[in-house]
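Student: Sending over a structure as structure tokens; questions will come in a sec.
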């Protein structure tokens, strides 16, 4: 499967019983155990998981002027 670093053995080893997971930030990782000491090993993989395409959302109505939608009255003298 994948090779990871065991912090207890201080060596690179093959991850035993590895399972591919998706982290909160959307990145893929492999989580398993060290075949020698049994400590949990974790390896972050490259790339993000593609998000499913969302339905087309309509753009918010914004005026073409640069006032941000606020009407400004002309100054009075």
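The values are calculated or read from the model by the stated rules, or taken from the named source; none is laboratory data. As the structure is a prediction and not an experimental result, all values here were calculated from the model. Positions of Cβ are backbone-derived with ideal geometry, glycine not excepted, and every protein chain shown enters the neighbour counts.
Student: Give all pairs with beta carbons closer than 9 Å in which a residue from region 39-62 that is modelled with pLDDT under 65 meets a residue that is in a loop (DSSP other than H, G, I, E, B); count only pairs at least 6 apart in sequence or on separate chains.
Tutor: Close Cβ pairs (under 9 Å, with a partner that is in a loop (DSSP other than H, G, I, E, B)) amount to 51/26; 62/68; 62/69.
Student: Return a yes/no flag: does region 8-17 have any residue that is assigned to a loop (DSSP other than H, G, I, E, B), on the phi < 0 side of the Ramachandran plot and at pLDDT below 85.
Tutor: Checked region 8-17: no residue is assigned to a loop (DSSP other than H, G, I, E, B), on the phi < 0 side of the Ramachandran plot and at pLDDT below 85.
Student: Taking the condition at pLDDT 95 or above and either surrounded by 12 or more Cβ atoms within 10 Å (Cβ to Cβ) or over 20 Å from the mean Cα position of the chain (by Cα) (or both), does residue 66 pass?
Tutor: It is false that residue 66 is at pLDDT 95 or above and either surrounded by 12 or more Cβ atoms within 10 Å (Cβ to Cβ) or over 20 Å from the mean Cα position of the chain (by Cα) (or both).
Student: Please count how many residues of region 6-19 are in contact with a strand residue (DSSP E or B) (Cβ under 6 Å, 6 or more places away or on another chain) and in contact (Cβ under 8 Å) with a residue 12 or more places away in the chain.
Tutor: The total comes to 8.
Student: Would it be correct to say that residue 32 is under 30 Å from residue 1 (Cβ atoms), part of a loop (DSSP other than H, G, I, E, B) and either in contact with a strand residue (DSSP E or B) (Cβ under 6 Å, 6 or more places away or on another chain) or at pLDDT 90 or above (or both)?
Tutor: Against the criterion (under 30 Å from residue 1 (Cβ atoms), part of a loop (DSSP other than H, G, I, E, B) and either in contact with a strand residue (DSSP E or B) (Cβ under 6 Å, 6 or more places away or on another chain) or at pLDDT 90 or above (or both)), residue 32 does not qualify.
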